[in-house]
Each structure stands twice: as structure tokens, then as C-alpha cells.
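First up is the structure itself, then whatever we jot down about it.
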Amino acid sequence: MRVVWEKEIPAEKIVVSPRPVWKCRACPMYGKRPSCPPHAPDWREAREWVSHFKRALLIKFEIDMERFEEEKREAILYLLKKEAEFFREGKLYAMALFPGNCNLCPDCPFERGEPCRLPTKVRPSIDAVGVEISSLVKIDFSESVLYGMVLIE
């Protein structure tokens, strides 16, 4: 995993709608991870929540598709580290949004109906809360990339 870039954006540019959530319904992980619908906040609630932030950090990660799960896990850990840095700087409500479903644990107990091992680390997926990432970046399907976000203040 490699960070391609980090861009601070005004939170008012973040579009939240039901469209990404509906795409989640077609995903085989739908309902299986705590970061995914229906476990993530509803898009309407997320729209209001995002409106209370002034800025966000958008991060583009390049990943090796042959090591997808491991590299995605590294990206998620990077996002959590960034969130913690903002928190230490006094941004009490900083919160990361994961690129897709949580895969912090290589073997997810939540999928088997057991409690999550890392409930204090799980964050919602960008899509799960309705953030239209395509409203912020041009999606190029020839790239092997993931996007993550940290809402800052």
C-alpha cells in the first residue's frame, strides 16, 4: 500500500445520498461486517452528521491487487492513525471512514454472529454512510486504488 495523495477538502463538498448505500446491497459483504449497512448509520443521519464538520482529509491509496486484503488493512490502519493524530491535536470528533468493509481481523467473528473483536476501531465504510466519492474525485477504473477519509472538525 502506498499513499498517492492526501487532500484537505471543505466538508460542504461531501455529497451524501442513498445511491452508494444501494450499491452496498449488491456487495457479498452486505450485512456481514460492522462497518457495512445495515450496521452503519443511515445515510440521512450521516448527511446531518457530515454537515457539522468544516473539513475532511481525503486520502488516495494505491494497492497491489494480489495482496488486496492485506493492503486494504494497511490503508485502514493508516486512516485510524490519522484519526488519532487529529484527536491528539484537539480535534475531538475526528473520525475515519473506511474504504469498503472492515477487514481489520483476517478472520471476522462478526460474520459468524459473534461479537466484534475490535469495536473501538471499526468505522463505517464511506459507501455505507452514503458518501458519493465520485463527487470528490474522478474515478479511473484502470487504477488499483482505494479512497479513505477522515472527517476532521
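The values are calculated or read from the model by the stated rules, or taken from the named source; none is laboratory data. None of the values given here were measured: they were computed from a predicted structure. We place every Cβ from the backbone using ideal geometry, glycine too, and count neighbours over all the protein chains shown.
Out of the residues in segment 17-50 meeting the condition of being in contact (Cβ under 8 Å) with a residue 40 or more places away in the chain, more than 14 Å from Val131 (Cα to Cα) and basic (Lys, Arg), tell me which one is surrounded by the fewest Cβ atoms within 10 Å (Cβ to Cβ).
Lys32
Counting only residues that are of a type in the set (A, V, I, L, M, F, W, C) and surrounded by fewer than 19 Cβ atoms within 10 Å (Cβ to Cβ), which one in segment 134-153 is farthest from Asp42 (Cα to Cα)?
In this case the residue turns out to be Phe141.
Kindly provide the set of residues from segment 16-47 that are in a helix (DSSP H, G or I) and of a type in the set (A, V, I, L, M), ordered by number. Before you say what the answer is, go through the steps one by one.
So the first thing to find is which residues in segment 16-47 are in a helix (DSSP H, G or I), and the list is 19-24, 43-47.
Across segment 16-47, the qualifying residues are Val21, Ala46.
If I ask for residues that are small (Gly, Ala, Ser), part of a loop (DSSP other than H, G, I, E, B) and more than 15 Å from Lys81 (Cβ to Cβ), which ones from segment 93-129 would you list?
If the condition is that a residue be small (Gly, Ala, Ser), part of a loop (DSSP other than H, G, I, E, B) and more than 15 Å from Lys81 (Cβ to Cβ), then Gly100, Gly113, Ala128 are the ones that fit.
How many residues are crowded, with 17+ Cβ neighbours inside 10 Å, under 19 Å from Phe61 (Cα atoms) and among the aliphatic types (A, V, I, L, M) if we restrict to segment 82-112?
So the answer is 4.
Within segment 7-16, how many residues turn out to be over 8 Å from Val129 (Cα atoms) and surrounded by 13 or more Cβ atoms within 10 Å (Cβ to Cβ)?
Number satisfying all stated conditions: 4.
Would it be correct to say that Phe68 is aromatic (Phe, Trp, Tyr), without any contact (Cβ under 8 Å) to a residue 60 or more places away in the chain and closer than 24 Å to Val145 by Cα?
Details: aromatic (Phe, Trp, Tyr): yes; without any contact (Cβ under 8 Å) to a residue 60 or more places away in the chain: yes; closer than 24 Å to Val145 by Cα: yes.
So Phe68 fits the description; yes.
Among the residues of segment 53-63, are any modelled with pLDDT of 95 or more, surrounded by fewer than 16 Cβ atoms within 10 Å (Cβ to Cβ) and assigned to a loop (DSSP other than H, G, I, E, B)?
Yes, the conditions are met somewhere in segment 53-63.
Give the residue, chosen from Glu71, Glu114, that is among the acidic types (Asp, Glu) and under 15 Å from the mean Cα position of the chain (by Cα).
Values: Glu114 fails: under 15 Å from the mean Cα position of the chain (by Cα).
So the residue among Glu71, Glu114 that is among the acidic types (Asp, Glu) and under 15 Å from the mean Cα position of the chain (by Cα) is Glu71.
Which residues, counting only those in segment 130-153, are touching a Pro at 6+ places or on another chain (Cβ under 8 Å) and assigned to a loop (DSSP other than H, G, I, E, B)?
Those that are touching a Pro at 6+ places or on another chain (Cβ under 8 Å) and assigned to a loop (DSSP other than H, G, I, E, B): Gly130, Glu132.
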